[in-house]
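A.B. asks: Please find one structure pasted underneath; my questions will follow.
The values are calculated or read from the model by the stated rules, or taken from the named source; none is laboratory data. If you're wondering where the values come from, they're calculated on a predicted model, not measured in any experiment. Note: ideal-geometry Cβ built from the backbone for every residue, glycine included; neighbour counts use all protein chains shown. To get the accessible areas, we keep the full protein, side chains included, count just its heavy atoms, and leave off ligands, DNA and RNA. Shrake-Rupley method; radii C 1.70, N 1.55, O 1.52, S 1.80 Å.
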2 protein chains.
Amino acid sequence: MDERLNEILRAVVENYIDTAEPVGSRKLTKRYNLGLSPATIRNIMADLEYLGFLMQPHTSAGRMPTEKGYRHYVDCCIDDGHQLDERFIIETQKKLENIERDVSSLLENVTRELSKCSHQMGIAVAPRFSRSRLSRVELIHVKGTSVLAVVITEEGVVRNLLLDFEEPCSQQHLSKISEYINKELAGCSLEDARERVIRKVYEEKAVYDSLVARAMRIGRLIMERQVEEDIYIGGYSEVLEQPNFLDLDSIKEMFRAIEDKRMMIKVFNMIEEMESGVTVLIGSENPLDEMQDCSMVVSPYLKKGRVIGTIGVIGPIRMHYPQVISMVDETAKFLTKVFSETVGGRG
Amino acid sequence: MDERLNEILRAVVENYIDTAEPVGSRKLTKRYNLGLSPATIRNIMADLEYLGFLMQPHTSAGRMPTEKGYRHYVDCCIDDGHQLDERFIIETQKKLENIERDVSSLLENVTRELSKCSHQMGIAVAPRFSRSRLSRVELIHVKGTSVLAVVITEEGVVRNLLLDFEEPCSQQHLSKISEYINKELAGCSLEDARERVIRKVYEEKAVYDSLVARAMRIGRLIMERQVEEDIYIGGYSEVLEQPNFLDLDSIKEMFRAIEDKRMMIKVFNMIEEMESGVTVLIGSENPLDEMQDCSMVVSPYLKKGRVIGTIGVIGPIRMHYPQVISMVDETAKFLTKVFSETVGGRG
DNA sequence: AATTAGCACTCATCCACTGAGAGTGCTAAT
DNA sequence: ATTAGCACTCTCAGTGGATGAGTGCTAATT
């Protein structure tokens, strides 16, 4: 594609992102020093419109980008150079030192920071519990038939599950059971563990050893419990802060979708299967109907080369993509670093 | 105060709550069967305006309630009869059976349900950790110098704290330490425990027993860790759902305030010291500047007669107070019941 | 052949104006 | 004490012209 077309498209998109108003040919020549007259620009813009990258809200208005225009802008017109505020990196680094290392605080804080910097809503998906490897299980007697199972994965995700037994069970007994579980299942992925548990239960049908039987039943309970704590969201107010050009109805729909965490988990499952690195989803590229008027910029974060979760932002389609992309990228790298170095160690 | 004034005030407020439009004298006579002519109504309304309960947005518009008007309406014009949808109670009961008994899921789900029913934002404050009595502490070795402390209070609140030691520590040792902590501090309020820990540490300065010293140091770490997980919020989209008559700026401010959980904890600390039962805060009665354009309807919930937390909603000043008040009341009672009967048992 | 200047044309937006309608306050009658 | 009647006020929706930003096309220029 013609280099000059790209240049003009880029100018139009960036101007529109800044002003939220349709861009005319005269304005472009004034702000940017392209060596071209308005008339020429007009011809080029007409071409861009023909190609589907720009549109006019009405005759005799300036042009604004279509979704396809944004897409092309993101794909071809952003130079990967450091779009990023030095400040952002420094602040992120500063957080690095003060932040708690426990996974949920980590993600919550990182999400909040990302949200503040980017002025979008921040979203993070914690390391998927079901795909993690088991590191340790501890059973704590609470009261009566209630037992608290504390499950720790190798990623450092801690989850509490309150189990309800048919009959009371002493702490000593529970300790033995958890010891047994740990011996049997440590290092297993939870899905493996699940299968193994089911198999064991089947084998031990005769219940010759009540300890094993009990342990397995607990293991099964833990596996089957469906948990929805995987999603962190922050920055509801940030989206409202953007005064121009995103109507209340869109925001409403978006909020409704986002508050349904199960739905969001589905979305991220779909995204996760796409390529690695920062992914930008613009408008109707979003898998959810309710998010057709938003854009998402997301990136997976890794531990030892394996994707374990996703972090990113959601905001209006008219968004400062270069900066936001860099921020998300930087944040994901930060998380990757933290998870690979600190949480769960190197081994 | 004149009974008739109350009646008219009530009619005006309720009509305004329904329609979001200033109410005129003619409309009142049409909708409600007061045996009065518009002219009489006008006189009464003029009186109500003089008393500060009503106002006109401009001459020759109808009247709308002032904050004082809402206040009087809530105080004197609502009959305590069952304003409540039968449906709501039944649904709440249904939840009762399916809901997880673990405190955080409980509160999250209850908050969400309250939010959905009332079409306001739901807010809950979990049993204040620092004021709770310790039920059990368990220390779990995670990796290297990391130790996970699982603290359970008598209310059933479970909290995970990741501690970082100077030197590694075996699980056996940790178990002994937690055993010791449990023996020493079980049943203490956390504030008491805190003092005792500090005193102990001071007494044992010589560190003649490394176990005790270590236990106390851990206890202290746990006490000092400031945690902000006490607030549950749900239903951001509900507030936007109300199309009429609450401007974006107010919502923005409100969201910003709500997302700052530390601030919200302060607010609820202030509220908690007020009377018991459902409290309604209208507009400028709210302690926070950012919430001058909202109303809150909140109620404490108890365990064994002692206030342990708060639940309620936040929404626009123009709110269906009778229903919302009933709903909040019902929800608080429900929580009280659950906490008194189930969580943490009766003893 | 590409670029540009010039010009006619198109709409949205702003502004002033207007009439209708809803609602009020006041006064006099009931 | 209540009500009917009336003059008055103010918002709101609609109208119409002026303004101006921006376009597309054509012819001239480089």
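A.B. asks: Restricting to segment B:87-112, count the residues that are part of a helix (DSSP H, G or I) and modelled with pLDDT under 85.
C.D. replies: Of the residues in segment B:87-112, 12 are part of a helix (DSSP H, G or I) and modelled with pLDDT under 85.
A.B. asks: Here are some residues: B:254, B:263, B:296, B:223. Which one is modelled with pLDDT under 85 and open to solvent by less than 70 Å² (accessible area, probe 1.4 Å)?
C.D. replies: B:223
A.B. asks: Which condition from (1) touching a Ser or Thr at 6+ places or on another chain (Cβ under 9 Å); (2) facing another protein chain (nearest Cβ under 10 Å); (3) in contact (Cβ under 8 Å) with a residue 24 or more places away in the chain is the one that residue A:164 breaks?
C.D. replies: Residue A:164 satisfies every listed condition except (3).
A.B. asks: Follow-up question, since we're still on this one. Would you please name the residue that is farthest from residue B:157 (Cα to Cα), looking only at residues in segment A:143-157 that are buried (at least 22 other Cβ atoms within 10 Å of the Cβ) and of a type in the set (Val, Ile, Thr)?
C.D. replies: Among those residues, the one meeting the criterion is A:153.
A.B. asks: List the pairs whose first member sits in segment B:5-28 and is at positive phi, whose second member is away from DNA strand C (no atom under 13 Å from the Cβ) and open to solvent by less than 50 Å² (accessible area, probe 1.4 Å), and whose Cβ atoms are under 8 Å apart, counting only residues at least 6 apart or on separate chains?
C.D. replies: B:20/B:318
A.B. asks: A further question follows. Residues that are within 13 Å of DNA strand C (Cβ to nearest atom) and crowded, with 18+ Cβ neighbours inside 10 Å: does segment A:86-102 have at least one?
C.D. replies: So in segment A:86-102, the residues within 13 Å of DNA strand C (Cβ to nearest atom) come out as none.
The answer is no, given that none of the residues of segment A:86-102 is within 13 Å of DNA strand C (Cβ to nearest atom) and crowded, with 18+ Cβ neighbours inside 10 Å.
A.B. asks: Step by step: first the residues of segment B:113-134, then only those that are within 11 Å of chain A (Cβ to nearest Cβ) and not in a strand (DSSP E or B), then the one that is most open to solvent (accessible area, probe 1.4 Å). Which residue is that?
C.D. replies: Only one residue tops the list, namely B:116.
A.B. asks: Suppose we keep only residues that are more than 9 Å from DNA strand D (Cβ to nearest atom) and surrounded by fewer than 18 Cβ atoms within 10 Å (Cβ to Cβ) within segment A:18-29. Which one would you say is nearest to the other protein chains (Cβ to nearest Cβ)? First the steps, then the outcome.
C.D. replies: In the first step, residues of segment A:18-29 are kept if they are more than 9 Å from DNA strand D (Cβ to nearest atom); the result is A:18-20, A:29.
Next, from what is left, pick out any that are surrounded by fewer than 18 Cβ atoms within 10 Å (Cβ to Cβ): A:18-20.
Values: A:18: 21, A:19: 20, A:20: 16 Å.
Only one residue tops the list, namely A:20.
A.B. asks: Which one is nearest to the other protein chains (Cβ to nearest Cβ), of the residues in segment A:266-276 that are open to solvent by 30 Å² or more (accessible area, probe 1.4 Å) and of a type outside the set (S, T, N, Q)?
C.D. replies: Among residues in segment A:266-276 that are open to solvent by 30 Å² or more (accessible area, probe 1.4 Å) and of a type outside the set (S, T, N, Q), the one nearest to the other protein chains (Cβ to nearest Cβ) is A:266.
A.B. asks: What is the one condition in (1) crowded, with 16+ Cβ neighbours inside 10 Å; (2) within 10 Å of DNA strand D (Cβ to nearest atom) that residue A:40 does not satisfy?
C.D. replies: Against the list (1) crowded, with 16+ Cβ neighbours inside 10 Å; (2) within 10 Å of DNA strand D (Cβ to nearest atom), residue A:40 comes up short only on (1).
A.B. asks: Given the conditions (1) modelled with pLDDT of 95 or more; (2) in the same structural domain as residue B:259 (by TED's automatic domain parsing), and given that residue B:65 satisfies all but one, which numbered condition is not satisfied?
C.D. replies: If we test residue B:65 against (1) modelled with pLDDT of 95 or more; (2) in the same structural domain as residue B:259 (by TED's automatic domain parsing), just (2) comes out false.
A.B. asks: Hey, among B:151, B:137, B:147, B:110, which residue is of a type in the set (A, V, I, L, M), closer than 29 Å to residue A:139 by Cβ, touching a residue at least 60 places away in the same chain (Cβ under 8 Å) and away from chain A (no Cβ under 14 Å)? Lay out the reasoning, then the answer.
C.D. replies: On the way: B:151 fails: away from chain A (no Cβ under 14 Å); B:137 fails: away from chain A (no Cβ under 14 Å); B:147 fails: away from chain A (no Cβ under 14 Å).
Going through B:151, B:137, B:147, B:110 in turn, the sole match is B:110.
A.B. asks: Moving on to the next point. Are any residues in segment B:170-210 at pLDDT 80 or above and assigned to a loop (DSSP other than H, G, I, E, B), and if so, which ones?
C.D. replies: The answer is B:170, B:186, B:187, B:188.
A.B. asks: Just checking: which of the helices (runs of 4 or more DSSP H) contained wholly in segment B:1-56 hold 1 or more residues that are farther than 22 Å from residue B:322 by Cα? Step through it out loud before you land on a result.
C.D. replies: Numbers: elements: B:3-19, B:25-31, B:38-50.
Because the criterion is at least 1 residues that are farther than 22 Å from residue B:322 by Cα, the helices (runs of 4 or more DSSP H) in segment B:1-56 that meet it are B:25-31, B:38-50.
A.B. asks: For segment A:52-78, how many residues are free of Cβ contacts under 8 Å to residues at least 12 places away in the same chain and away from DNA strand C (no atom under 16 Å from the Cβ)?
C.D. replies: Counting residues in segment A:52-78 that are free of Cβ contacts under 8 Å to residues at least 12 places away in the same chain and away from DNA strand C (no atom under 16 Å from the Cβ) gives 1.
A.B. asks: Residues to consider are A:54, A:9, A:48, A:34; find the one that is at pLDDT below 95 and either open to solvent by less than 80 Å² (accessible area, probe 1.4 Å) or near DNA strand D (Cβ under 8 Å from one of its atoms) (or both).
C.D. replies: A:34
A.B. asks: Related question: As an exercise: evaluate residue B:174 against (1) open to solvent by 60 Å² or more (accessible area, probe 1.4 Å); (2) in contact with a His (Cβ under 6 Å, 6 or more places away or on another chain); (3) among the aliphatic types (A, V, I, L, M) and give the number of the one condition it does not meet.
C.D. replies: The number of the failed condition is (1).
A.B. asks: Same structure, new question: Residues that are touching a residue at least 24 places away in the same chain (Cβ under 8 Å) and among the small types (Gly, Ala, Ser): find the helices (runs of 4 or more DSSP H) completely inside segment B:211-317 holding 1 or more of those.
C.D. replies: Qualifying helices (runs of 4 or more DSSP H): B:248-259.
A.B. asks: Moving on. Given the conditions (1) open to solvent by 20 Å² or more (accessible area, probe 1.4 Å); (2) on the phi < 0 side of the Ramachandran plot, report the number of the one that residue A:187 does not fulfil.
C.D. replies: Condition not satisfied by residue A:187: (2).
A.B. asks: Looking at segment B:57-77, which of its residues are more than 15 Å from DNA strand D (Cβ to nearest atom) and not in a loop (DSSP other than H, G, I, E, B)?
C.D. replies: Hits for segment B:57-77 are B:65, B:67, B:68, B:69, B:70, B:71, B:72, B:73, B:74, B:75, B:76, B:77.
A.B. asks: Test residue B:111 against the stated conditions and say whether it is within 16 Å of DNA strand C (Cβ to nearest atom) and more than 30 Å from residue B:173 (Cα to Cα).
C.D. replies: no
A.B. asks: Continuing with the same structure: Taking segment A:232-251 only, how many residues are within 12 Å of chain B (Cβ to nearest Cβ) and modelled with pLDDT of 90 or more?
C.D. replies: Matching residues across segment A:232-251 total 6.
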